[in-house]
1. Just from its helices, what would the mean residue ellipticity at 222 nm be for the chain, if runs of 4 or more DSSP H residues each count -39500 (n - 2.57) and the sum is divided by every residue, rounded to the nearest 500 deg cm²/dmol?
2. Got the relative contact order for the chain handy, in percent, Cα pairs under 8 Å and 6 or more residues apart?
3. Quick one: give the max-minus-min coordinate of the C-alpha atoms of region 65-253 along each principal axis, largest first, in Å.
4. Could you tell me what percent of the accessible area of the chain is made up of carbon and sulfur, with a 1.4 Å probe and every protein chain present?
5. Can you list residues whose amide H is under 5 Å from Met149's amide H, if they're 5+ apart or on another chain and H is modeled 1.01 Å from N?
6. State the number of lysine pairs found in region 237-384 whose Cα atoms come within less than 18 Å, restricting to pairs 8 or more positions apart or on distinct chains.
7. Quick one: 3J(HN,Hα) in Hz for region 389-396, Karplus 6.51/-1.76/1.60 with θ = phi - 60°, rounded, Gly and Pro as x.
8. In whole Å, what are the Cα extents of the chain along the three principal axes, biggest one first?
Amino acid sequence: MEIRPILSALMRSKVSMILIGVQVALTLAIVCNALFIIGQRLDRMDRPSGVNEADTFTFSSSGFGEGFDARAVMKSDLEVMRQIPGVASVATTNSVPMSDGGWGEGISLKPDQKTSTASTAFYLVNDSAVQTFGLNLIAGRDFKPEEVMDVKFGDRPQPKVIILTKALSEKMFPDGGALGKQVYLTGNEPSTVIGIVEGMQQPWMSSDEVEYSTLAPVYMTYGNASRYLVRAEPGRRDEVMKAVEQKLAEVNPSRIIGKLKGLQDYRADAYASDRAMAIILGTVIFALLAITALGIVGMASFWVAQRTRQIGTRRALGATKFDILRYFHTENFIITSLGLVLGAILAYAFSLWMMQAYQSPKLPWYYVPIGFLCLWALGQLAVLGPALRASRVPPAIATRSV
């Protein structure tokens, strides 16, 4: 098929051609970048927290009344909960991953270092926290009961031993060998690294150092309040949550049990905005593709109606149905291709703007070629209906119109 007759016909309908081309260009630019953003959000949502989320929950206990001894209650609560059927492990903690609240510290290699080597989440836990969180201890050992310090609320604990995440240990000691090394957290007293866990996220999901976490063996009550972490046996979390709440209320009614919340719920809350953005952008992508397809259908249908006599004449001169079908598909391919070239430029320009304005990563090169293929396919499918109608125009139409 000659391209020149098609181009000549397009030149007689410049406005329609330009509008569809611009629509295709904008669709490509927006869809490519939106899909890239969705991919980033999904990757964030899939990041492992490093802890057992399915079977673990946390809650707080706040005492009231005179003579309430929070420290004594904390230690007795641990023993009570360990005896509850279905409880696999219990620990104290000041925070949990993905909770958006906790204690952050600078961690350094030297005392009085002006600029910290890294920033870390500081988890104050007892000797059973590694087991309760479900952490994977890949080197060293866990805390011993005699290493857990008792400190008052407001004090800055200076633990003698700590456990680091693998990511933080590699940041502090790039050449390896973090075990047995000393670092400095809250003062001039060194802390010795006795263990390394594979991973444990910080409470703050927006942190650039989300994998940098430190566990310190510290008992710390917050006035009359304390916080617990409970890991249930597989599949028994909800059952254990009810039993724990009921049992603790029975053994000491002089307190308020805070809401019991599973770590899976923390994940859902932490990534709610990412999930919402992915859904919104997905809706925008669907709407843009639908509008573009409808635009192509409308344009092709209009041109078929305008060219009925021309199509009939071509049929009378020997053009087959396939020739007519191929004509409209080729015409659409040319318009779509011109729009896609402009769209590729816009896609990379939009990505560059995102990089400068929001420090977004660069759009990978393969998004645009894949976008080309998808929009070419969309254009060909959209024009198929009008093209089939055009191919069914009988040759007699030419004589009727004379």
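1. Values: 12 runs with 200 residues, N = 402.
Estimated from H runs of four or more residues: -16500 deg cm²/dmol.
2. Details: 701 pairs, mean separation 108.7, N = 402.
Rounded, it is 27 percent for the chain.
3. 51, 39, 32
4. Details: 11790 of 19790 Å².
The computed percentage sits at 60.
5. Hits under the 5 Å cutoff: Val218, Tyr219.
6. Numbers: Lys242/Lys259; Lys242/Lys261; Lys247/Lys259; Lys247/Lys261.
Lysine pairs satisfying the spacing and distance rule in region 237-384 number 4.
7. Running phi through 6.51 cos²θ - 1.76 cosθ + 1.60 with θ = phi - 60° gives 5, 5, 5, 8, 5, x, x, 5 Hz.
8. Here the spans come out as 106, 49, 33 Å, largest first.
The values are calculated or read from the model by the stated rules, or taken from the named source; none is laboratory data. These numbers were taken from a predicted model, which means no experiment stands behind them. Cβ atoms come from the backbone with ideal geometry, glycine included; neighbour counts cover every protein chain shown. For accessibility, only protein heavy atoms count, side chains too; no ligands or nucleic acids. Shrake-Rupley method; radii C 1.70, N 1.55, O 1.52, S 1.80 Å.
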